[in-house]
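The values are calculated or read from the model by the stated rules, or taken from the named source; none is laboratory data. What you are looking at is a predicted structure, and each value in this text was computed from that prediction instead of being measured. Positions of Cβ are backbone-derived with ideal geometry, glycine not excepted, and every protein chain shown enters the neighbour counts. Heads up: the accessible areas ignore ligands, DNA and RNA and are worked out on the full protein's heavy atoms, side chains in. Shrake-Rupley method; radii C 1.70, N 1.55, O 1.52, S 1.80 Å.
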Amino acid sequence: MPVVLRPDGVPALMPWLWIDLDLREKDLQAGTLGAYAAVSCILEDWFALRGIDCTERLGMQKPFEDREARDLRDHLRRLTPTGSRQRRHAIAKRDRLVAAGRREVGEEPIRLLPDIVSQPVLNQRICVAASYLRWLDDTLSRIVFPDPVRRRSIVHVLVDFAERLERHRVRAREVRREGLSLDQQKLLLAAILPTTPPLPAGRSAFRQDVRHRNFALILLLASTGLRIGEALGLKLGDVLVEGDQVRIRVRRRPDDHQDPRRRRPQAKTLERTLTLPHVAAMALLDWRDVHRVDGDRFGDAQASPFLFLAAIPRNEADRRPRPLTLGGADKIFRQLRDELPPEAGHVTAHRLRHSWMDHLWSRLRAKGPQDPFVLDVINYAAGWRPGSRQAEAYAQRAVREAADDFAAIFQKDLVSLLDADHE
């Protein structure tokens, strides 16, 4: 495992131990481990700048003050050192917004963008820092207070500090997005049908030779609610044909050595097996068995275990198959938005997940949103942990439709009362 360095370049022992002894057992992606290590190093850097010895604080049972939690929050809000990729991206974002005539983003002036991270990133850093503080408290308390009986009566100073820090999270504006309406979904399906005439030259996402791939991918997303990273990570062995049923197996593969992509798609949810509707199943099998094996467009497809492949230019000498990348999928949806009329809405891969969730909620709404069985079904299908309340964030359309139904019932009752008064 590589050495973990603080922002000032000094090796950080405790973050390295945290990653090696605690986080590596959780099957996290290498990029996620790196992000966690970076936050823990920023925290250690703050300890060094403020002259804080955590072991001494724990031994003296001296709790942290609220002002220290605010100061750490402000420290976590800053970007990493000058010249980092994150700072360059922030400066480029600022320049784009200024060129477009924007003066602020939400409540943040644009001039601050290169100096601080966004509210969601700050909240994520605070959560990671709190996790590290809890692990650090448990580790150091075993060293400072080796007696288990004595340890049960101590004040867990760093756990208390973690709770103080979490209370200083920035409350970000809650965004509840809806999926595509039925009319918008019809426009989308009409545009991606393989029988639809191909787009003009230069719009490769809709060329006839890749339309079957795009059709199968978009139908898969729309009918299962998969995240785009989960779909791009599917392998041929994840497609299970059992009689008339076709199922897909979503699996977590952290640091897959078979994946040559520089930016590897990630499965952020739990592993699960989902049954495909007939139309989506037929489109997927048609792509896998007929069009994917086209050597002129996708190279030696049998040499790649991945289900969705990128098209290879005909004049390119290297014919090794390449899995479709996240950038390639973004290009499909970007060109799809250019092709669709404005009334089709803003089509993205993740909005298809919201559309699928809208449909699922509408089907299960009759049982009542508080029915544990309904939440269990949604949590399993979406890949969330049992008991998760994440589904409520996706229920915006179902809630609005239920409110409309209630208003219609109330109006009908009110009209009945008025008619009775007139009589």
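Being part of a loop (DSSP other than H, G, I, E, B) and more than 22 Å from ARG24 (Cβ to Cβ) is the filter; apply it to region 251-273 and report the residue that is least open to solvent (accessible area, probe 1.4 Å).
Step one: list which residues in region 251-273 are part of a loop (DSSP other than H, G, I, E, B), which gives 251-271.
Next, only the ones that are more than 22 Å from ARG24 (Cβ to Cβ) stay: 260-262.
Values: PRO260: 96, ARG261: 16, ARG262: 237 Å².
My answer is ARG261.
Give me the pairs, please: first residue somewhere in region 146-166 and touching a residue at least 60 places away in the same chain (Cβ under 8 Å) and closer than 11 Å to LEU133 by Cα, second residue anywhere and in a loop (DSSP other than H, G, I, E, B) and open to solvent by 50 Å² or more (accessible area, probe 1.4 Å), beta-carbon distance under 6 Å, and either six or more positions apart or on two chains.
Note: pairs meeting the criteria are VAL157/PRO63; ASP160/PRO63.
How do the helices (runs of 4 or more DSSP H) wholly within region 1-61 filter down when requiring 3 or more residues that are at pLDDT below 85: which remain?
In region 1-61, the matching helices (runs of 4 or more DSSP H) lie at 13-21, 30-49.
Would you mind stating whether ARG288 is touching a helix residue (DSSP H, G or I) at 6+ places or on another chain (Cβ under 6 Å), open to solvent by 50 Å² or more (accessible area, probe 1.4 Å), not small (Gly, Ala, Ser) and not in a strand (DSSP E or B)?
No; evaluated as a whole, the condition is false for this residue.
Out of contact with any helix residue (DSSP H, G or I) (no Cβ under 7 Å at 6 or more places or on another chain), open to solvent by less than 10 Å² (accessible area, probe 1.4 Å), part of a helix (DSSP H, G or I) and not β-branched (Val, Ile, Thr): does that describe ALA281?
Details: out of contact with any helix residue (DSSP H, G or I) (no Cβ under 7 Å at 6 or more places or on another chain): yes; open to solvent by less than 10 Å² (accessible area, probe 1.4 Å): yes; part of a helix (DSSP H, G or I): yes; not β-branched (Val, Ile, Thr): yes.
Against the criterion (out of contact with any helix residue (DSSP H, G or I) (no Cβ under 7 Å at 6 or more places or on another chain), open to solvent by less than 10 Å² (accessible area, probe 1.4 Å), part of a helix (DSSP H, G or I) and not β-branched (Val, Ile, Thr)), ALA281 qualifies.
Name the residues in region 33-48 that are free of Cβ contacts under 8 Å to residues at least 12 places away in the same chain and either over 19 Å from LEU158 (Cβ atoms) or open to solvent by 40 Å² or more (accessible area, probe 1.4 Å) (or both), would you?
GLY34
Looking only at region 231-250, decide whether some residue is open to solvent by 20 Å² or more (accessible area, probe 1.4 Å), of a type in the set (A, V, I, L, M, F, W, C) and out of contact with any Leu (no Cβ under 7 Å at 6 or more places or on another chain).
Yes, there is a match, as at least one residue in region 231-250 is open to solvent by 20 Å² or more (accessible area, probe 1.4 Å), of a type in the set (A, V, I, L, M, F, W, C) and out of contact with any Leu (no Cβ under 7 Å at 6 or more places or on another chain).
Out of the residues in region 295-335 that are in contact (Cβ under 8 Å) with a residue 60 or more places away in the chain and of a type in the set (Gly, Ala, Ser), state the one that is surrounded by the most Cβ atoms within 10 Å (Cβ to Cβ).
Among those that are in contact (Cβ under 8 Å) with a residue 60 or more places away in the chain and of a type in the set (Gly, Ala, Ser), it is ALA329.
Going by the conditions given, is LEU158 crowded, with 22+ Cβ neighbours inside 10 Å, at pLDDT 95 or above and on the phi < 0 side of the Ramachandran plot?
no
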